[in-house]
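Single-structure report; data block below.
The values are calculated or read from the model by the stated rules, or taken from the named source; none is laboratory data. From a predicted model like this one, the values you see are computed outputs, not experimental measurements. Cβ atoms come from the backbone with ideal geometry, glycine included; neighbour counts cover every protein chain shown. Please note that ligands, DNA and RNA were not included when accessible areas were found on the heavy atoms of the full protein model with its side chains. Shrake-Rupley method; radii C 1.70, N 1.55, O 1.52, S 1.80 Å.
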Amino acid sequence: MAEFTINPANSQFETTNFGQRVNNSESLKAGLRGPTLMEDFMMREKIMHFDHERIPERVVHARGVGAHGYFESYGDWSNITAAGFLNAPGKKTPTFTRFSTVLGNKGSSDTVRDDRGFATRFYTDEGNFDLVGNVIPPFFIQDAIKFPDLIHAGKMEPDTDTPQAGTAHETAYDFFAEFPETLHTVMWVLSPRGIPRSLRQVEGFGIHTFRLVTADGNSVFCKFHWKPAQGVSNLLWDEAQKIAGKNSDFHRDDLYTAINRGDFPSWELGVQIIPAEDEFKYDFDLLDPTKLVPEDLVPVTKLGRMVLNRNVDNFFSETEQVTMHPGHLVNGIGITDDPLLQGRLFSYLDTQINRMNSANFMQLPINRPLNQVTNNQRDGFMQSNTFKGNVAYYPNALNGNKPELASHADGGYIEYPEEVNGQKQRGRPPSFWDFYSQARLYWNSLTPAEQQQTVDGFRFEVGKSKSVDVRRRFVDRLNQIDNSLARRVAIGVGVPLPEMVVENDGKTDSHLSIQNYPKPDNIRTRRVAILTAPGTNQQEAKSMYDYLTAEGAYPSYIGVHQGDQEGLNIDNTYVLDSSVLYDAIYIPGGAGGIDFLSESTSLFPMDEPKAFVMDAYRHGKPIAASSEGEQFFQAAVEGMTGVNGTDGIILGSENNIQESFKQALITQRFWSRLPIDQNI
Ligand code: HDD
């Protein structure tokens, strides 16, 4: 993007858009107190441009955050694909990735409960390949023609334009109850997967079954996966809701900060490879996007690694104007007859022409491929190329038939010669009609604590429906998945407890739980609040701060006021910050501090330091306390009910807690502390 980049700091004088240097702080008037003159070209141009600054936000996935990076292939994968970016070990390809929530408007909060987009553009030598996926492996619907219905039901209700983001409202659950193919994905969104702790700690999925095609035309089916080196982690709903108020940019800040501090997040790109002869081997249809291929059945082969190492310079130019499209394919990667994918191929170009207001949006720096674009497409709004000569057609003798048509040998796109035969009809094959098995597989694969989070999620979301009928119909659908799940939700949302109608087959997959997901071996980027006050033992506070910093974590002193507090430089206070914004807390000793914190003061809301500890405790976060800090911890949590035990609570003297605190930070959350109401 270099040649289009402007650094205002290096530009001495302000000019109009046609280059005239100007002084445009005041408008041109007839007399200093007189009317403004129409002839003031500076004012007209400046205000006109401002009036046109906005473009339509994306109709879905409006809120996002993007970052540049690179992809590095682990090997030569030409045995399965002709894709050039995968054909040599160590081969690097620039990328741009945009994460997004789905339903909320551009100004909504990051931590809403929702699926999330994980869209990556690979700027390969052979053109752009966009992998436009989500953080949840199945999708809600089987056929693209239902997408407008899904989104109308899930987004704000049209009469009131509420709620702003998320599915916790009547129309969503009315639709889900009426259209049960949605249930598998709804289960995922309502589980901890729907409220990630960080966009660096999510998996990504291409969802559809794609094709990989070799240079000599052999093909296998594949599912794309992104596996995060940072592990997978989620928020609790109570945290997510509070964060939405405390810092609605929580996920964006987290990504920007990690990249700015050099803690570059990375993901391995993997594929589940399914040989052509296995197309009909499974008890689900590979063309049905509401199903995943369990990794216990088909393991993921890691092809390479993506590192996000550069934040955008300008949100609008890059993140807002990037036009991802599942139809941006490169040689060696092909599509299948998945009816959701087929419809997507139409939608993206169409919506982008609407958003960008011109057919030439692929000429923008963030969109154009690295290789030369040569074709006979011409003109249109905002054409920025100057084409020489009089020929814009093919075949042509005048230009010697340039640009030429590329054969496979010239790197031309290889269409897989799939046989197609059938009667024209609307409908879906019988192999698409099972809506419950994989929802059950997912439910069964969650740990008891994750199941509880999911039940709590349903109680909240379904409970937001004013219509008892919607609540009852939805619980009846859950009952098709698992009776205990349905009963636990039913009791919360005030509808009759359903009798069992299907036996749970007990099938599981070992790759679906977050709690059991492999953890990184370090605590880089973990945010730790060190609670201080006048009288805090400085030496203990500093020692932990230095230890955590050396381990790559992000500690912060929380103090009573900003600035110098008895030698500690305080950035964050009990007014500015809350426990929900941190992964863990540490309470150093110091008698004065404890006395002070137990008194009320107008410098922070009543009992805020105690609330810090109570929230961290009931949210299952690691808590360390030393010396008198231990007494403060005990005083804060005394009398709390429902929270179980002391897992992840590290008490002791200054030095012997540091290593245990590190181990607790690696675990990240102690689910055993959270209550479970299994037997209903
Ligand atoms: Fe979509 C944007 C992901 C089905 C229509 N979609 C969009 C984005 C992501 C996805 C990540 C944002 C891209 C970015 O960051 O710029 N969409 C998916 C996935 C789907 C899916 C993983 C199912 C597997 N989408 C889907 C269907 C349709 C659309 C079935 C329409 C029939 N999606 C769109 C869109 C958007 C879009 C309206 C809005 C803005 C845009 O395309 O550029 O065309």
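Only DSSP H runs of four or more residues enter the estimate; each adds -39500 (n - 2.57), and after division by the residues of the chain the mean residue ellipticity at 222 nm equals -8000 deg cm²/dmol.
Take 333-343, 425-435 and order them by the average number of nearby Cβ atoms within 10 Å per residue, most first; the result is 333-343, 425-435. Here, the stretch 1-150 yields an orientationally averaged convex hull projection of 16.0 nm² when only Cα atoms define the hull.
To one decimal place, what Kirkwood hydrodynamic radius in Å is obtained for the chain from all pairs of distinct Cα atoms?
Values: mean 1/r = 0.0358 Å⁻¹.
Radius from the Kirkwood sum: 27.9 Å.
Accessible surface comparison of Arg200, Arg487, Arg261, probe 1.4 Å, protein chains only, largest first: the order is Arg261, Arg487, Arg200. Excluding ligands, DNA and RNA, the accessible surface per residue across the stretch 548-680 is 41 Å² with a 1.4 Å probe. Amide H contacts under 5 Å for Gln565: Ile570, restricted to partners 5 or more places along the chain or on a different chain, H placed in the peptide plane at 1.01 Å from N. Couplings for the stretch 302-312, taken from phi via the Karplus curve 6.51 cos²θ - 1.76 cosθ + 1.60 with θ = phi - 60°, read 7, 9, x, 9, 10, 10, 9, 10, 8, 6, 5 Hz in order; Gly and Pro are left as x. Estimated from the Cβ-Cβ distance and a Förster radius of 22 angstrom, the FRET efficiency linking Asn17 and Gln377 is about 0.25. Sorting 46-56, 437-447, 366-376 by average packing, meaning the other beta carbons within 10 Å per residue, from highest down gives 437-447, 366-376, 46-56.
Rounded, prolate or oblate: pick one for the stretch 389-528, where a ≥ b ≥ c are the square roots of the eigenvalues of its C-alpha gyration tensor, a/c under 1.5 means rounded, and failing that, prolate if a/b is larger than b/c, else oblate. Could the numbers behind the result be given before it?
Values: a/c = 2.85, a/b = 1.97, b/c = 1.44.
The shape class here is prolate.
Report the FRET efficiency, 1/(1 + (r/R0)^6), for Ala406 and Arg428, where r is their Cβ-Cβ distance and R0 is 51 Å, rounded to 0.05. Please list the in-between numbers first.
Values: r = 37 Å, r/R0 = 0.72.
Rounded to the nearest 0.05, the efficiency is 0.90.
Can you give the FRET efficiency for Asp283 and Leu345, using 1/(1 + (r/R0)^6), R0 = 45 Å, r = Cβ-Cβ distance, to the nearest 0.05? Working from the Cβ atoms, E equals 0.95.
Taking the solvent-accessible surface of protein heavy atoms with a 1.4 Å probe, what is the per residue accessible area of the stretch 390-520 in Å²? Don't skip to the answer; put the middle values down first.
Numbers: 7540 Å² over 131 residues.
Heavy-atom SASA per residue in the stretch 390-520 reads 58 Å².
Rounded to the nearest Hz, the phi-derived 3J(HN,Hα) couplings of the stretch 220-237 under the Karplus curve 6.51 cos²θ - 1.76 cosθ + 1.60 (θ = phi - 60°) are 10, 7, 8, 10, 8, 9, 10, 10, x, 5, 7, x, 10, 8, 9, 9, 8, 4, where x marks glycine and proline. Excluding same-chain neighbours fewer than eight residues apart, the lysines reachable from Lys402 by a Cα-Cα span under 21 Å are Lys388. Projecting label points 7 angstrom from Cα along Cα→Cβ for Val502 and Lys302 puts them 3.6 nm apart. In terms of its Cα atoms, the stretch 166-254 spans 56, 38, 17 Å along the principal axes, sorted from long to short. Diffusion of the stretch 87-232 by Stokes-Einstein, at 10 °C in a medium of 1.306 mPa s and with Rh set to the Kirkwood radius over alpha-carbon pairs, works out to 93 µm²/s. For the stretch 89-153, treating each Cα as an identical point scatterer without solvent, what Debye log10 I(q)/I(0) comes out at q = 0.19, 0.22, 0.29 1/Å? So the normalised log intensities are -0.89, -1.02, -1.26.
Whole-Hz Karplus values for the stretch 65-72 come out as 9, x, 8, 7, x, 9, 10, 10 Hz, taken residue by residue from phi with 6.51 cos²θ - 1.76 cosθ + 1.60 and θ = phi - 60°; glycine and proline positions read x. Solvent exposure of Glu415, expressed as accessible area, is near 130 Å², computed with a probe of 1.4 Å over the protein chains only.
Pairs exceeding a 21 Å alpha-carbon distance, out of Lys242/Lys519; Lys291/Lys507; Lys542/Lys662: Lys242/Lys519. Taking amide H atoms as placed 1.01 Å from N in the peptide plane, the amide H of Trp77 lies under 5 Å from those of Asn87, Ala88, each 5 or more residues away in sequence or on another chain.
Of the heavy-atom accessible surface of the chain (probe 1.4 angstrom), what whole percent is carbon and sulfur?
51
Peptides 111-122, 234-245 ranked from most to least packed by the mean count of surrounding Cβ atoms within 10 Å: 111-122, 234-245. The residues of the stretch 79-130 expose, per residue, 23 Å² of accessible area to a 1.4 Å probe.
So what does the Cα-only Debye profile of the stretch 524-574 read at q = 0.17, 0.26 Å⁻¹, as log10 I(q)/I(0), no solvent term? After summing over all Cα pairs, the log10 values are -0.45, -0.97. Amide H contacts under 5 Å for Ser513: none, restricted to partners 5 or more places along the chain or on a different chain, H placed in the peptide plane at 1.01 Å from N.
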